[in-house]
Structures are given as structure tokens and as C-alpha cells.
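Note sheet for the following structure.
Taken together, the values in this text are just the output of simple stated rules run on the coordinates, not laboratory data. None of the values given here were measured: they were computed from a predicted structure. Methodologically, a virtual Cβ is constructed for each residue, glycine included, from the backbone with ideal geometry; neighbour enumeration extends over all protein chains shown.
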Amino acid sequence: MESMQATRPDQERLALNLSLRDWLVVALLVLVLLAAAPSIPFRPRAPRVERDYRIPFALSSRYDVYRRYTTLAADQFATLLVGDSVVWGQCSLKTDTLAHHLNELTKQPRFANCGLDGMHPIALADLLEFHAPAIARTRVLVQFDPLWMMEELRAEKGHVTLYNRPDLVPRLAAHFTGPFRETASLSWSHLMRNSPLKDWGERLADTRVDFLAWSLDHPYESPLRAISSTLPPSEDLHRQRLVRWDEHPTLPMDSSWSSPDESEQWKAFRRILSLLERRGNRVLVVLGPMNEHMMDIPTRTAYGKLKAALLADLAKDGVRVFAPSLLDSAHYADICHPLGPGYDSLARELLLKESAWMLGLDETR
Amino acid sequence: MLFHSVDFLVFFAIVFPVHLLLRRTRFMNGWLLLSSYFFYAWWNPVYLLLIIGTTLVDFYVVRTMELSPRKKLWLCLSLLSNLGALAFFKYIRFFTQNLNGLLSFVGVHTALPVLDPVLPLGISFFTFQSISYAIDVYRGDFPAEQNLLRYATYVSFFPQMISGPICRAGSLIPQLRSAPPVSVSAFTSGASLFLTGLFKKVALADYLGMYVDRIYGAPENFQSPALIMATFSFAWQIYFDFSGYTDMARGVARAMGFHLTRNFNAPYTASDLGDFWGRWNITVSMWFRDYVYIPLGGSRQDRFKTVRNVFLTMITSGIWHGASWSFILWGAVHGIGRMATRELSFLNSAVSRMPLAVQRAGVFLFVTFAWIFFRARSVGDGCMIVLRMFSSGWADPRFPVILLIPIAVVWTYQIIDAMEGPARRFWDVAPVRIGLAVLMILYLALVSQSSAQTFIYFNF
């Protein structure tokens, strides 16, 4: 204790002490390097995306990876499957998803799994707008999960986007904290979307490398592998529930649903369709399939009305839409996620009832 | 508000130019106070009332104390106000839980209700700063401040209010009175300090923390090598985290013309534990020296009492860090280590004649060992980790090899920094300085994690 001595400010030598001239040189060099960084081709384009590829669960918020993946997938696959964890395959292995079964049944690698866990429509609208430009003019099967219209998950305007997807706003945006987080983030997002730096910011985000989390799972591998590879390996590392929903005691679901006119999620989904239309995509909407076995009677009745209203809303604008039949009860893992056999049934029904669109025959006619 | 967030950049972009405009006017302290309260309210506006309340109480009590013949009474009132707030918000849950446990142990089965208030951010720091002010005035080391606005700014000056460094009234209040000049060199050196701190926090501490969290989150699943590597990683994580924070705090203050006390001085190059505490969290260490250790009698009493004083001071330091037995144990381990090294220093033993490098390694190993109890979720976890370190198997720790690079670089730098020679001068060459700064900024922009982690010391 008696040996403690504080250092006077004038005695201190800073580890790094830049003068004004130094800072100006630093600023110039950083600007030049950041401006040039997006043009450095340090990631060779992968010749092929492996069949059954899906973004690793741990990278569900890495939109730059999504951007790279969709760029490659748009070149290689005839149809991209877009949506939330139902498309991604929350309750199935990557070799048991909807895309996998479609590819198996058509005996061709036609379908790419471009789902992303937790990607509700408000977030998906931003994802497609800002992080998936390459999918323009492709065939897109976009799934709408009515789960997001449950009153319990109701989103106030814009909030859900920022609540669980803060990075969806263009990547020069950073995290805000504090009581004004939502307002500050929304304002910043709006500013960035209209900024002349937006394109550069997005390209810079593509340059960003993230080997830190990766290095924990691959401790002895060179980080160059993570940096230089176009896509991180698609691993089934996350904890999955691969059991049917009624294997555990479950109460019937008692819920109400937002109406299409009031639901921000449905409005966001309509924005997605408008965006895809503007980009020249050929779109098929898949509505559901929700696990109605799990609902109590009033909830199921209300859901039936909601589904009819959604179909009518889409039909009114001439949107091609497919509402799959209710799957077998044993083929669901929870309220909305099918298990592998469920995806198989869904794929069969899609190919049977929408064969022209699914096989691209509508374009050749 | 975190220094490494866009919020802060926007905040500072407004506060700094206005400060420049108002610096030579009577509005300077008002502006700094308003900014500081906004900075704090960004976390939770309600708890601003706590800071305002304790500030008002201390200001008037200490002013009255200075003129009163019954100084001790007024000092007790000030201490009661500060320590009362600290006790309620920080220790009430710990106290009632342990009291309930004790009552149950002696057969009284009446449980007191366990209160669990939210811990106000920075309470340990701003209350300690207020206490130091009251005691300094009581001792006659510093006159009571007569200007409420200036005193309130001293207590809540935003660069240091959340996690220090704890500034003595004699150091900061004169600066708030004289409005120090804001020179270009002050601004650029402040920016340099800020960049260094930002890099330490975001690039180094947060990366190390990813490995530490994985291992310490479930230590029962890992064997000796992983536990050892995670413990060493934590030693560096907490250093980078806390010293990074204080670098940023001091950088911000320096850019505005203020000098805050240095808080870290290459602590892992210390050659004994006393030396370590003179280099680690210096302002808090000195606080404990001046307001706990010396009032207890310091080293001016017999050997037993000196040893007791050291031990009690370290235990108090442990309790200050957190309301849990693991922090108390951490303080006790340091107390025992400090007593042991003190006794050894009296002997002309082989230990005291060891080469400096060996002494430094010994101190680093001891401090790292003590961090186990600081980081563990509980005393039980801490003991289990120690046991498993020596008794479990030797499974692959899966420690990312690349993590060794920043640690090696920083350690090498600290050793070189202590030298006076061509190696040290190498760092002072402009191209090296500029190259380092560019690399740091590019790393922060393109590699580091985007998510903003809070600072470890925000919990205290």
C-alpha cells in the first residue's frame, strides 16, 4: 500500500501520441484504403454453392454473408426460396429442408434455401432491399408465415426490425443504446438509406471479415480460410428440436390474429412483393403451413378467416399464391415449423399443384 | 452511454463545440453539467435523481462542516448519505440473503424480504468521489467548494462518472474553476488516447471475452488446459477492458482540456503486489490507501496491526467490487498475497534476489490466479475451477491460436516501453505511429465485432 504512487500527467508517455499532421495523414490513408477496400478481390468467387447449403444458424445476423450467398445462388439455382425459419429449416437438418426435398423430387439442384432464422416480414423487407440485390429477375418462392400476425407478436411500426435486427439498416449504421434507441436507430436508418454513401457502405460491408466468432469453433485453422472463403461452411451446429410437437405436454394454442389492414407485418410483406415486382422477379407466395392441430377451436376458426382474407388480398392484385394443405400432425415440430417428413409432403404438394411454376414451365410456354 | 457507440459520437460532436464556445464564460460548468446529466440519463433518467440528491446533500453538508466546530458529526452525515445509498442499492440483496441464511442456520425460520434494486450505473465511483471530497475538506486538505454548479460538475463530469478514474477534488475542481485551454495538441493527444482505448476494448477485450465467456459459462464441461487458458485470457480481458475504458475517458477529457488522473501503468509488469496495486486501477487503489488503510493506522504500527490493516483494506476493496462472496474471497486472496510478500521482503531471502523477470512472472501468475474468484459466477464455481485445473484431464483447450498474437504484441510493447533505447525510440517514429493508427482503425472498421459490449467495471 505504501508503495503506491500516482503518475503525474506530465510524466506520462502515451503508447500512441499522434500530432495534428499525423492525424491528417492517418485520415487520408484510412479514407483511401476504405474507399479502395470494396474493390479488392480477396474473396475468390466459389464456382459452386453446395447443394442443401443454408446460412449457418450462428450467422443469422451476418447480412454480408447473406448478400454473398444470394449472389452466388442467383447464378446457380433456378429458384430461390426466401422466408424465415420455416424456409431455413428450424426443426430439420439441412438435408431435410423444403429446398432439399424439392431438389430430391425434381432430381435437379434447382432450389436454393435462402431462408434466414427469425426473419419476420418487416426484417425480410429490409434484408431483400439492402442485402440481396443479386436476386433481381430470378424466380423467388417467398413464404409468408402467419405466425407473425399473432397478436402476441404484433409489431408496432418498425419496432420489430430494430428490436432483433439492428444491423439490417445499411451497414454504416451502428448500435444505439439508451431510452431513445428506437428513435435514434430509425432516424439513422432513414438517413443512411437516403445517403449517397449507401452503395459504398454496402460494398464496404461485403469487405468486412469476421473470423473472431469463427475462430472459436476452428481454433487451429488459419483465419485466412474464414476471410478468403466465399461462404462459411453450412454446419448443423445449433440445437434443434427434431421431435414432433405433441411429444411434450402442450396446451392448445389460444390466440387472436391481427387483421391484414392493421398488421405491420402484412404491410411489410406486401412491400416485399412490390419490391420483387419492381426488380422483375417471378414470384410464388406460399402461405403457411401453420400447425392448426395445435390451435384450439376459436383460434383455428379465426385463423381460417385470416387465411381466407390474406388469400383474397393477394388474389385481388393478381399475386400467384399457394396455400398448402394442413400437414399430418406428426409432421410438425411446433406451431409453424414442419419436420423433415412435413417438408417432404409440402414439396410433393407444391410440385403437384404448382408444377408449371416450380419447374419453370410457365416461362417456356 | 458507451464511449464506443454512435450515440456517444453524436453526443460529443454536439458537446465539444459548445464547450469551446462557452469555455471562457460562466456558462462552462452549466454546460458540462447538463451534458453530464444527459450522458447519465441516457442509461436511465430516473437514477439521475440519485446523483442530484447525493450531490445536494454533500454540497450543503460539507459546506456546513467546514464552518462547524462539530466537524466529525457533519462528516458522518455525509458518509452516511453516500454509504447509505451504496449500501441500499449495491448490498441490500446480499445482506438480506445472507442474513436469511444465517437465521435459518440458527433455527429461526423467518425470512426477511429480499430487496433487489437495480444497481445505478457508476454508483461505486461517484459515491467514492463524493466521500473523498468530504474527507479532504474535513482534513483541511481542500476548501469546501462554494459554487454548487461547479461541485455538481465535479461529481458527475461525464468522462469519468461511470467507471472513474476517481478524481480528487484538488485535482479536478481547480480545472473546472480555471477552464483549462483546449489546444490542438491536447485534442490530438486526447484523440490518440481514445483510439488506443477503443482498440483495447473493442478489438482485444471483447475478443478475449468470447473465449472466456464460453469456458467460465460452464466450467464443469472443461478440463485443465481450457480453464487455464480462459483464466489467462480473463486477466488480459479485464486489463484491456478497464484500461481501455479509462483511456477513452481520459482521451475525451483531454480533448476538452482536462487532465484526469492516470489509472493504469503496465500493471502486469509489476515486480511485487504492492507495485501491482500502484499500477492497477490507481485512483481506486489510492482511495483505499488514503481513506481506509492510513486511517486504520497504515504501516506505522506494529507488525501485526500493519498486516491486519493490509488485509482489511484488501477485503474492503473486494467488497467494493461487488456484493458477493467471490469478490470478498478475491480481496482476501490479494490480502494474503500482499501480507506474504511483505513478510518476505523483510527477509534477505532468495525470493527478493530473484531476477526481475522472475519476480514479474510470479506477480502476474498470482494476480491471474486471484482473478479466478473475480470472474467465477460464485465461490463454489471458483473453487471448482481451481480444483479442476489441477485434477481434471488434459483435453484440447480449443484456444484460438490467433488470440495469442495481440497478447504477445501488448506484452512486448509494455516491456519495450519500460526501456530507454533504440527499441523504445522505434515507437516514436512517425511512420510507425501512423501505421499503427491506420491498422487499428482498419481493424475496428473491418474486422472487430459490431455488437457493442458493455464494460466489465460498469457492474461495480
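Let a ≥ b ≥ c be the square roots of the eigenvalues of the Cα gyration tensor of the stretch B:91-212; is it rounded (a/c under 1.5), or, if not, prolate (a/b larger than b/c) or oblate?
The shape class here is oblate.
Hey, quick one: spin label on A:L105, modelled 7 Å out along Cα-Cβ, who in the stretch A:72-91 has an amide N within reach, i.e. under 20 Å?
Backbone N within reach: A:77-91.
What FRET efficiency do you get for B:L149 and B:S185 if R0 is 30 Å and r is their Cβ-Cβ distance, rounded to the nearest 0.05?
Given R0 = 30 Å and the Cβ-Cβ separation, E is 0.55.
Give the long-range amide H neighbours of A:R139: residues separated by 5 or more places, or on another chain, with amide H under 5 Å away, using H modelled in the peptide plane at 1.01 Å from N.
Under 5 Å from the amide H of A:R139: A:L80, A:R282.
What shape does the stretch B:186-446 take by its C-alpha gyration tensor, where a ≥ b ≥ c are the square roots of the eigenvalues and a/c under 1.5 counts as rounded, a/b above b/c as prolate, and the rest as oblate? Can you show the working numbers first?
Numbers: a/c = 1.61, a/b = 1.19, b/c = 1.36.
In terms of gyration-tensor shape, oblate.
Rg (Å, one decimal) plus Dmax (Å, integer) for the alpha carbons of the stretch B:250-390?
Here Rg and the maximum Cα pair distance are 16.4, 51 Å.
Which whole-number percent gives the relative contact order of chain B, counting Cα pairs below 8 Å spaced six or more residues apart? Don't jump to the answer; show the numbers that get you there.
On the way: 573 pairs, mean separation 77.9, N = 460.
Here the relative contact order equals 17 percent.
Evaluate E = 1/(1 + (r/R0)^6) for B:L439 and B:H109, where r is the Cβ-Cβ distance and R0 equals 60 Å; express this FRET efficiency to the nearest 0.05.
Numbers: r = 63 Å, r/R0 = 1.05.
Rounded to the nearest 0.05, the efficiency is 0.45.
With each label point set 7 Å from Cα along the Cα-Cβ vector, what nm distance links A:S19 and B:I415?
According to this spin-label approximation, the distance is 3.2 nm.
What is the average number of partner chain Cβ atoms found within 10 Å of a Cβ in A:214-222?
5
Rounded, prolate or oblate: pick one for the stretch B:152-222, where a ≥ b ≥ c are the square roots of the eigenvalues of its C-alpha gyration tensor, a/c under 1.5 means rounded, and failing that, prolate if a/b is larger than b/c, else oblate.
oblate
Take the Cα coordinates of the stretch B:353-426, assign each an equal point scatterer, and use the Debye formula without solvent to give log10 I(q)/I(0) at q = 0.17 Å⁻¹.
Taken in order of the listed q values, log10 I(q)/I(0) reads -0.95.
Evaluate the distance, in nm, between pseudo-label points positioned 7 Å from the Cα of B:D428 and of B:F304 along their respective Cα→Cβ axes.
Taking the two extended label points, one gets 5.3 nm.
Just counting partner chain Cβ atoms within 10 Å, what average do the residues of peptide B:432-445 show around their Cβ?
Whole-number average of other-chain Cβ neighbours for B:432-445 is 5.
Enumerate the amide H contacts of B:S392 below 5 Å, restricted to partners 5 or more residues apart or on another chain; note that Pro and chain-start residues carry no placed amide H.
Here B:S224 satisfy the definition.
List the trypsin sites (Lys or Arg not before Pro) within the stretch B:255-335 that fall in a DSSP loop (any state other than H, G, I, E or B) and whose Cβ has at most 16 other Cβ atoms within 10 Å.
Passing sites in the stretch B:255-335 are B:R300.
Give the aspartates and glutamates whose C-alpha is closer than 17 Å to that of B:K72, dropping any in the same chain fewer than 8 places away, or say none.
B:D58, B:D136, B:D141
How big is the C-alpha Rg of the protein assembly as shown next to the rule-of-thumb value 2.2 N^0.38 Å, as a ratio?
For the protein assembly as shown, the normalised Cα radius of gyration is 1.09.
Find how many whole Å separate the alpha carbon centroid of the stretch B:349-413 from the alpha carbon centroid of the stretch B:120-157.
Cα centres, the stretch B:120-157 to the stretch B:349-413: 37 Å.
Taking every DSSP beta bridge that has both residues in the protein assembly as shown, what percent is antiparallel when rounded to the nearest 5?
Counting only bridges with both partners in the protein assembly as shown, antiparallel ones make up about 10 percent.
Any chance you could list the semi-axes, whole Å, largest first, of the equivalent ellipsoid that the Cα gyration tensor gives for chain B, using √(5λ)?
Gyration-tensor ellipsoid for chain B: 34, 31, 23 Å.
Would you please give the residues with an amide H less than 5 Å from that of A:F144, counting only those at least 5 places away or on a separate chain, with H modeled from the backbone geometry?
When sequence neighbours closer than 5 places are left aside, the close amide H contacts are A:V286, A:L287, A:G288.
In what order do B:L49, B:L193 fall by count of nearby beta-carbon atoms within 10 Å, going from fewest to most?
B:L49, B:L193
Give A:K307/A:K353; B:K90/B:K201; A:K94/A:K305; A:K267/A:K307 a once-over and call out the pairs whose C-alpha atoms are over 24 Å from each other.
B:K90/B:K201; A:K94/A:K305
Can you pull out the chymotrypsin sites (Phe, Trp or Tyr not before Pro) in the stretch B:192-296 that DSSP calls coil and that have at most 13 other Cβ atoms within 10 Å? List each step's numbers first, then the result.
On the way: sites: B:F194, B:F199, B:Y207, B:Y211, B:Y216, B:F222, B:F232, B:F234, B:W236, B:Y239, B:F240, B:F242, B:Y245, B:F258, B:F264, B:Y268, B:F276, B:W277, B:W280, B:W287, B:F288, B:Y291, B:Y293; in loops: B:F222, B:F258, B:F264, B:W280.
Passing both the DSSP loop test and the Cβ count: no residue.
Note the full-extension length gain between A:E50 and A:D261 as 0.36 nm times their separation in residues minus their Cα-Cα distance, in nm to one decimal.
Roughly 71.9 nm would be gained on extension.
Counting pairs of alpha carbon atoms under 8 Å apart in space and at least six apart in sequence, what relative contact order in percent does the stretch B:186-446 give?
It comes to 25 percent, rounded to a whole number.
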